[in-house]
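Visitor: Pasting a structure below so you can have a look.
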Amino acid sequence: MEQQSLLKTSGESQLYCGDCLSILDMVPDDGVDLIYIDPPFYSQRSYETIWGGEAERFAFEDRWAGGINHYVNYLVARVRKMYSKLKDTGSFYVHLDWHISHYMKQELDKIFGYGNFQTEIVWRRTSAHVDTIGFGHVTDSIFFYSKSDRFTWNPQYRPYSEEHLSRSYRHKDPVTGRRFMLADLTGAGIRHGETGRVWHGINPSKWTRHWIRPPSELEKLDKEGVIYWPDRGGMPRLKKFLSPKGQPIDNIWTDIPPVSSQGAEKLGYPTQKPIALLERIVNASSKRGDLVLDAYCGCGTTLAAAQKLNRRWIGIDISQSAIRVVEQRLKKLGATDYQVHGLVKTARDLRALDPFEFQNWAINAVYGQHSPRKVADMGIDGFTFMEHHPIQVKQSEHVGRPVIDAFAGVLQREKEKKGMIIAFDFSSGAVDEVARLEREDKIKIQLVKCVDLIAGNVPFKIMV
């Protein structure tokens with residue numbers, strides 16, 4: 001992996017495969033404008049998923065055998081590095097669930113400083129949820145920190161609801177037609193200065209109140225048409241006009257629904273966040289051309305939002321499968337100005353993968369579809385692209401005849417005459433048995449070596 005690549009290509013976005021603890025060393029200090037992370041939740045669950053149309057299975061675990069302290073220490077070590085990468089004007093968002101948020105809040109205060117905690121965003125991620133006991137958990141927390149008090153901030157707005165308009169903005173200006181609500185021109189308590197004087201024959205002290213502004217300023221507001229006078233007399237009111245920008249967004253986010261299981265946005269990632277969520281964060285805490293970093297980029301929602309909003313970005317994920325899905329997503333957006341690092345390039349890289357990642361890589365390399373089963377797959381790990389012939393993946397050296405015979409049994413059980421085995425190498429006995437099966441039983445098994453797939457030599461004939 002090119003250790004200086006981020007220093008040399010600061011104008012391009014970067015996508016890295018690996019643990020962010022080491023990858024972050026390649027990111028220059030004080031160079032990032034915005035960091036958002038959605039780390040694996042401390043939920044003690046295993047996830048398995050099918051990736052969209054490519055039917056790619058991606059298995060990952062977010063269980064932490066060492067308990068809550070192990071998880072906190074794991075995350076804190078990485079956040080400390082992220083902190084050093086932020087500019088003084090930078091912002092940091094971390095997406096957490098109810099299992100861990102209160103533990104991490106204390107640690108984040110230590111890293112960023114209690115005074116740099118800006119807010120806890122509460123996102124209603126689902127409209128209904130029934131837990132076994134107690135109230136349903138329907139929200140996540142997003143903690144928002146800044147590195148200093150000079151952080152970038154762009155206020156965000158949402159459209160006014162019809163209910164809010166009809167309840168609060170019931171009046172319309174007869175000249176401009178603009179909607180407005182009425183607000184008090186007085187405050188509680190008697191004042192003996194200018195704000196306590198009589199204006200237009202009205203003495204606010206009569207009601208133990210005072211004007212919110214001196215009469216000279218009220219007169220100016222009246223000439224500007226922002227004072228409302230009741231038809232039958234009485235206390236004047238201030239016209240508060242409806243802002244054309246919309247309603248300022250607060251820290252309770254109920255207007256962004258989760259990714260629907262049947263929606264077009266769905267990529268199959270079990271904890272995928274809607275792009276509207278990330279677009280709001282990117283818009284609020286960065287500017288065009290700024291650098292956005294996501295150290296757990298998953299299926300790439302943060303990167304997609306940054307790309308669409310003309311920001312540069314750095315994405316990191318430990319999964320080979322995730323990186324490939326992100327690449328596909330970026331290509332659909334027309335992104336070209338980025339570099340990819342850390343994907344498998346040698347057999348040595350491939351041997352270092354865990355079994356599920358190895359299997360994912362192998363099926364992807366032949367453009368296959370993954371078996372929907374994680375366990376008890378009965379010897380079938382995937383299927384060829386066109387005719388859906390079985391594929392078996394072995395992270396083994398010198399696969400021998402017993403594997404061939406067992407796979408032939410799988411094909412006979414499935415009433416198949418074609419199949420594929422992917423491995424590092426095959427013994428001469430395995431090669432001879434494949435030849436015998438084709439000659440005597442008309443069963444054709446394609447033996448595919450990993451070294452050929454790394455070189456891009458994909459056996460298309462077995463797939464058509």
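Visitor: Do the conditions hold for residue 14, that is, is it modelled with pLDDT of 90 or more and either in the same structural domain as residue 266 (by TED's automatic domain parsing) or within 23 Å of residue 278 (Cβ to Cβ) (or both)?
Guide: It is true that residue 14 is modelled with pLDDT of 90 or more and either in the same structural domain as residue 266 (by TED's automatic domain parsing) or within 23 Å of residue 278 (Cβ to Cβ) (or both).
Visitor: Let me ask another. May I ask you to say which residue of 312, 329, 401 is in contact with a Gly (Cβ under 6 Å, 6 or more places away or on another chain), assigned by TED's automatic domain parsing to the domain that holds residue 282 and of a type outside the set (A, V, I, L, M)?
Guide: 329
Visitor: Moving on to the next point. Limited to segment 340-361, what total is found for residues that are out of contact with any helix residue (DSSP H, G or I) (no Cβ under 7 Å at 6 or more places or on another chain) and of a type in the set (A, V, I, L, M, F, W, C)?
Guide: Of the residues in segment 340-361, 2 are out of contact with any helix residue (DSSP H, G or I) (no Cβ under 7 Å at 6 or more places or on another chain) and of a type in the set (A, V, I, L, M, F, W, C).
Visitor: Looking at (1) exposed (fewer than 12 other Cβ atoms within 10 Å of the Cβ); (2) hydrophobic (A, V, I, L, M, F, W, C); (3) farther than 30 Å from residue 160 by Cβ, which is the only condition residue 188 fails?
Guide: (3)
Visitor: Exactly one condition in (1) out of contact with any strand residue (DSSP E or B) (no Cβ under 7 Å at 6 or more places or on another chain); (2) surrounded by 13 or more Cβ atoms within 10 Å (Cβ to Cβ) is not met by residue 166; state its number.
Guide: (2)
Visitor: Restrict the check to segment 182-202 and report whether at least one residue is outside any helix (DSSP H, G or I), among the polar types (S, T, N, Q), in contact (Cβ under 8 Å) with a residue 12 or more places away in the chain and more than 20 Å from residue 229 (Cβ to Cβ).
Guide: No, because not a single residue in segment 182-202 is outside any helix (DSSP H, G or I), among the polar types (S, T, N, Q), in contact (Cβ under 8 Å) with a residue 12 or more places away in the chain and more than 20 Å from residue 229 (Cβ to Cβ).
Visitor: Checking the structure you have, find out if any residue of segment 383-406 is part of a helix (DSSP H, G or I) and more than 24 Å from residue 347 (Cβ to Cβ).
Guide: Checked segment 383-406: at least one residue is part of a helix (DSSP H, G or I) and more than 24 Å from residue 347 (Cβ to Cβ).
Visitor: Grab the strands (runs of 3 or more DSSP E) fully contained in segment 234-350, keeping just those with 2 or more residues being touching a residue at least 24 places away in the same chain (Cβ under 8 Å) and closer than 21 Å to residue 15 by Cα.
Guide: Because the criterion is at least 2 residues that are touching a residue at least 24 places away in the same chain (Cβ under 8 Å) and closer than 21 Å to residue 15 by Cα, the strands (runs of 3 or more DSSP E) in segment 234-350 that meet it are 291-294, 312-317, 338-341.
Visitor: Could you tell me which residue of segment 164-176 is nearest to residue 249 (Cα to Cα), considering only residues that are part of a helix (DSSP H, G or I) and without any contact (Cβ under 8 Å) to a residue 40 or more places away in the chain?
Guide: Here the residue is 168.
Visitor: While we're looking at this one, here's another question. Looking at 425, 441, can you tell me which residue is touching a residue at least 24 places away in the same chain (Cβ under 8 Å), touching a Lys or Arg at 6+ places or on another chain (Cβ under 7 Å) and surrounded by fewer than 18 Cβ atoms within 10 Å (Cβ to Cβ)?
Guide: 425
Visitor: Just the residues that are touching a residue at least 40 places away in the same chain (Cβ under 8 Å) and in contact with a Ser or Thr (Cβ under 7 Å, 6 or more places away or on another chain), please, taken from segment 98-119.
Guide: Hits for segment 98-119 are 99, 101.
Visitor: Right, something else. I want to confirm something. Restricting to segment 348-377 and keeping residues that are within 15 Å of residue 393 (Cα to Cα) and among the small types (Gly, Ala, Ser), which single residue is farthest from the chain's Cα centre (by Cα)?
Guide: Restricting to residues being within 15 Å of residue 393 (Cα to Cα) and among the small types (Gly, Ala, Ser), the top hit is 376.
Visitor: Then there's this: Which number in (1) of a type outside the set (A, V, I, L, M); (2) surrounded by fewer than 18 Cβ atoms within 10 Å (Cβ to Cβ); (3) under 26 Å from residue 287 (Cβ atoms) marks the one condition that residue 172 misses?
Guide: (3)
Visitor: How do the pairs read when you match residues in segment 66-86 that are assigned by TED's automatic domain parsing to the domain that holds residue 35 and among the small types (Gly, Ala, Ser) with residues anywhere that are surrounded by fewer than 17 Cβ atoms within 10 Å (Cβ to Cβ) and not in a helix (DSSP H, G or I), using Cβ under 8 Å and keeping only pairs 6 or more apart or on different chains?
Guide: Close Cβ pairs satisfying both conditions: 84/29; 84/30.
Visitor: From the set of residues in segment 138-163 that are of a type in the set (A, V, I, L, M, F, W, C) and part of a loop (DSSP other than H, G, I, E, B), which is surrounded by the fewest Cβ atoms within 10 Å (Cβ to Cβ)?
Guide: 153
Visitor: Being at pLDDT 95 or above and small (Gly, Ala, Ser) narrows it down to one of 382, 400, 368, so name that one.
Guide: When all the criteria are applied, what remains is 400.
Residue by residue, here is whether (1) at pLDDT below 95; (2) more than 30 Å from residue 277 (Cα to Cα); (3) not aliphatic (A, V, I, L, M) holds:
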position	(1), (2), (3)
147	no, no, yes
160	yes, no, yes
164	yes, no, yes
175	yes, yes, no
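The values are calculated or read from the model by the stated rules, or taken from the named source; none is laboratory data. Please read all numbers here as calculations on a predicted model, not as lab measurements. Cβ atoms come from the backbone with ideal geometry, glycine included; neighbour counts cover every protein chain shown.
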